[in-house]
1. Tell me, what HN-Hα J-couplings in whole Hz come from the Karplus equation 6.51 cos²θ - 1.76 cosθ + 1.60 at θ = phi - 60° for each residue of the stretch 244-257, using x for Gly and Pro?
2. Taking Lys148 as the anchor, which lysines have their alpha carbon closer than 19 Å to its alpha carbon, excluding any fewer than eight residues away along the same chain?
3. Counting only DSSP beta bridges with both residues in the chain, tell me the antiparallel percent, nearest 5.
4. Counting Lys +1, Arg +1, Asp -1, Glu -1, what net charge surrounds Asp422 among other residues with beta carbon under 9 Å of its beta carbon?
5. Counting Lys +1, Arg +1, Asp -1, Glu -1, what net charge surrounds Phe372 among other residues with beta carbon under 14 Å of its beta carbon?
6. At q = 0.07, 0.13, 0.15 Å⁻¹, work out log10 I(q)/I(0) for the stretch 71-342 with the Debye formula, treating every Cα as an identical point scatterer and leaving solvent out; two decimals please.
7. Add +1 for every Lys or Arg and -1 for every Asp or Glu among the other residues with Cβ under 12 Å from the Cβ of Arg200, and state the total.
8. Residue by residue through the stretch 131-138, what is 3J(HN,Hα) from phi via Karplus (6.51 cos²θ - 1.76 cosθ + 1.60, θ = phi - 60°)? Round to whole Hz and write x for glycine and proline.
Amino acid sequence: MELNKQSDWVARSLRSVWHPCTQMQHHETIPLIPVSRGKGAWLYDHDGHRYLDAISSWWVNLFGHANPRINAALKDQLDTLEHAMLAGFTHEPVIELSEKLSALTGHVLGHSFYASDGASAVEIALKMSFHSWRNNGHTAKQEFVCLKGSYHGETIGALAVTDVALFKDAYGPLLRASQTVMSPDARTATEGETAQDVARRAASDVERLFTERGDKIAAIIIEPLVQCATGMAMHDPLYLQLVRALCDQHNVHLILDEIAVGCGRTGTFFACEQAGVWPDFLCLSKGISGGYLPLSLVMTRDDIYQAFYSNDVTRGFLHSHSYTGNPLACRAALATLQIFEEDDVLNTNRVKAERLTQALQPLAQHEQVRNFRQRGMIWAFDAIDAPKDFSRRFFATATEHELLMRPIGATVYMMPPYILSDEEIDGLAANTLAVFNKVMAG
Ligand SMILES: Cc1ncc(COP(=O)(O)O)c(C=O)c1O
């Protein structure tokens, strides 16, 4: 039997692997693609077809697959220390990473707590917020606030502050209730309103809630600048300034979930820099390890840290994961940060972004497209009167045009790695247009 045949891998995977975020039956009609290797922005299957990873493999990959610099760092780390528990022990990669991240916030967020995936970071931020209020005597502060359309992960705690019916509804009875406020999504502007007007309107909804029950609210959690999973809903930075002020006024923590929008994705290293504010908790994951290994962390302020600092063990933050602060993952993150420095990535991205925005103009002007939008290295547009099963059909058609793209509902988006060449940028735009036309034509 030939073991490397594409169809064999597909059959074996469908028999034994339960794929994430997937109705498995759909693979009766939609192809499952077994990836044999990756290089740069490209993934290759066993038949030698290639796919431009235009969504960075679920928004994690920043500097391409099999990046030589990250590979070298990991190979070195592998021969030095692959893992050691972080309770009672520490190691160079986790120390250096914490120091570097702290410096990136001007040492405002000087304490980093580690986990593996994004949802765990959200759980940690929620628990830390609640527990720090409790340690300070504010035991009534037990509620969390999230935005309409928010997505913060799918574990039970993170799902409670997620507002996407598809992920949440089935588990409703298991979840703690949270308060939901209006999204500052600039697309909801009424006639004559600007994005800043929408931000003000959304902030006044937060003010209403904080005035009503601020004494019961521990924290509000926001994905700053772009609510990604709801369909790349973008908002004005003013919203973050206004909410930061309301949090200060009403004694409510601000949790910023930068799991998807951090690490340069929106044009600054942290999205919140564009608003000139820092949160009380900042969650980071996905791109921080360059898309190599599961790593997440929560950064927080010294006053929060001090609320746990005591001789009493029960006042400590008693949360742990086996792989907390894994040295390999931290080393991948350090290599990632080094690339940011060495390649002046934020400035280089501005040039790349300008080129892709230009190349996408035929789509921006397309008569079946509305709300073409861009922030940093995120592009999105909404299909007008999208046909049934638009997203799945787009995905399948895109693979025929050497593209990996997965629209969210009728929203087509791109979140490519930061290493696209001019040729790849132009090809991405041209192929996206071709795929869009084909799918819209049915
Ligand atoms: C904003 C945001 N928060 C949290 C998560 C959850 O991260 P993970 O899938 O690693 O649990 C995601 C994942 O897409 C996300 O986009």
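Bear in mind that the values in this text are calculations on the coordinates, not laboratory data. Small disclaimer: the values here were computed from a predicted structure and weren't measured. Reconstructed Cβ throughout: ideal geometry from the backbone, glycine too, with neighbour counts over all protein chains shown.
1. After applying 6.51 cos²θ - 1.76 cosθ + 1.60, I find 4, 5, 5, 4, 5, 5, 10, 6, 10, 6, 9, 9, 9, 8 Hz.
2. Lys168
3. If I count the DSSP bridges inside the chain, around 65 percent turn out antiparallel.
4. Summing Lys/Arg as +1 and Asp/Glu as -1 gives -1.
5. +2
6. With one equal scatterer per Cα and no solvent, log10 I(q)/I(0) is -0.24, -0.84, -1.12.
7. -4
8. Couplings: 5, 5, 4, 4, 4, 8, x, 9 Hz.
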